[in-house]
Structures are given as C-alpha cells and as structure tokens.
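Just so it is clear, none of the values below were taken in a lab; they were calculated from the coordinates. The structure presented is a predicted model; accordingly, all values stated were derived computationally and were not measured. Backbone-built Cβ (ideal geometry, glycine too); neighbour counts: all protein chains shown.
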Amino acid sequence: MLTPKLDHLIKQLQILPSVGQKSAQRMALQLLSKKRQQGINLAAALDIAMKEIIECRHCHSFSDDEICPICRDSRRDSSLLCVVESAADVMAIEQSGAYRGRYFVLGGHLSPIDGINADDLHIDELIARIKNEAISELIIATGSTIEGQTTAFFIHDAVCNHVTKITRLAQGIPMGGELEYIDSITLHQALQNRGSL
Ligand SMILES: [Zn+2]
C-alpha cells in the first residue's frame, strides 16, 4: 500500500530516462530505508542544478556561469568549431580527449515532423559566430540519423560561403566490430572513408 507521499516520489522518479514504475519503486524504497542522508543530498543537488545551471551564452552547452569553462579556456584552439546536437555530445567528445577546439550546441536536429525548424536550433547565431570569428574548420558532428544528416547538409549550405573547410565526423566500423555484422550502409561509408595503415 503506497502512501500519497511515497506515490508522489515514485511518480517523480519516473521522469528519468529508462526508469519505469518498478525501478522507481525500488529507488524510492532504497532511499527511504537505507540512504536517507544521500537522498537529502540528492534532493539538494537537484535543487541547485535545476535553479542554477544555465546555458552558456556563447556555445549553448550547460554552464554554472554565463560563459562556460570551455569557451573561457584560452588554451583551446579557437579556430576549430565543432557543431553538435546536445550537451551530451560535448561530454562524449571531451571524454574522447581527441579534440581541443570549441563547440556550438544546436539543442537538437531539424525535424519538421516534430516542428523543429532552423529557428529552433540557434542556426542564425551559428552563422553570425562563423562570420565574426576566425574559424579555419567547422566540424559538423550531428548524428548519423536521417535528421542528423539533414541538419548537417542544412548547416553546410548555410555557412559554406563563410568558412573554407567544413568537415563531418568519419563514419564506419566501431572498435571491436566484426564486418559480417555491420550493416551495408555503414560498410559502404567505411570503404569510402578508408585510410592508409
Ligand atoms: Zn560555452
């Protein structure tokens, strides 16, 4: 039997991705029975994060301040600009350790069916940024979904007169991938993008 307060907590936990009724119930009971102080800390962290984390004014990634640490870091190569769909993509690229330029977060991809158009993705702001900064290479790192590809082509067409080098992340076989299990489109792209050993 759930009390109204417990029921409310379980419903709120279900807003998290991949958390259904059963997992939410387990989490709530675990917090209440064994992790009360951690639960209080979690609530405080959520309260601070939801109220105080904002979008960086320059790149639209998440930031504690108006300008994020990556945009502020003068050691990064400001001539490289990488366009991604989300702040999660920035984190993924940062964790790879392979990139030392700056970012621009679109906040999604073009999807007319869902009503997401160029106006929703800060694309005017991206164009203005490319015009005003000395960008030597624009890396379009949107996803390899149809929407991600469409978004990449749209950005390419919008900015190709303002930046000389526009690149796209290579697509191909994942590490540990066996050829016989790779779909034919990926294999086709991997062959086209092949490099020297
Ligand atoms: Zn920033």
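Give me the extension gain from S33 to Q12: residue separation times 0.36 nm, minus the current Cα-Cα distance, reported in nm with one decimal.
Numbers: separation 21, 0.36 × 21 = 7.56 nm, distance 1.81 nm.
Between S33 and Q12, full extension yields an extra 5.7 nm.
By how many degrees, between 0 and 90 and to the nearest 10, does the Cα long axis of helix 146-159 differ from the longest principal axis of the chain?
It works out to around 50 degrees.
Please identify which residues in the stretch 93-125 have an amide N closer than 20 Å to a label point set 7 Å out from the Cα of D64, following the Cα→Cβ vector.
94-95
If a/c stays under 1.5 just call it rounded; otherwise compare a/b with b/c (prolate if a/b is bigger, oblate if not). Do that for the stretch 80-168, with a ≥ b ≥ c from the square roots of the Cα gyration tensor eigenvalues. Don't skip to the end; give the middle numbers.
Details: a/c = 1.71, a/b = 1.13, b/c = 1.52.
Note, shape of the stretch 80-168 comes out oblate.
Which order do the peptides 71-83, 131-143 come out in when sorted by mean C-beta neighbours inside 10 angstrom, highest first?
On the way: 71-83: 15.0, 131-143: 16.7.
Final packing ranking: 131-143, 71-83.
Give me the angle, in degrees from 0 to 90, between the Cα long axis of helix 87-96 and the longest principal axis of the Cα atoms of the chain, rounded to the nearest 10.
70 degrees
Hey, got the dipole for the chain? About the Cα centre, +1 on K and R Cβ, -1 on D and E Cβ, debye to the nearest 20?
Value, rounded to 20: 840 debye.
Starting at 0 and stepping by 10 Å, how many percent of the alpha carbon pairs of the chain end up in each bin?
Once binned at 10 Å, the Cα pair distances of the chain give 7, 25, 27, 22, 14, 4, 0.
Under a Cβ-Cβ cut-off of 13 Å, what is the net charge of the residues other than S78 that fall near it, where Lys and Arg count +1 and Asp and Glu count -1?
After counting each charged neighbour, the total is +2.
Quick one: grab the alpha carbon gyration tensor of the stretch 4-52, order the square roots of its eigenvalues as a ≥ b ≥ c, and give me rounded if a/c is under 1.5, else prolate or oblate depending on whether a/b is larger than b/c.
Values: a/c = 1.90, a/b = 1.25, b/c = 1.52.
It is oblate, given that a/c is not under 1.5 and a/b is not larger than b/c.
Need one number: nm distance between label points at A158 and I127, each 7 Å from Cα along Cα→Cβ, rounded to one decimal.
Roughly 0.7 nm, to one decimal.
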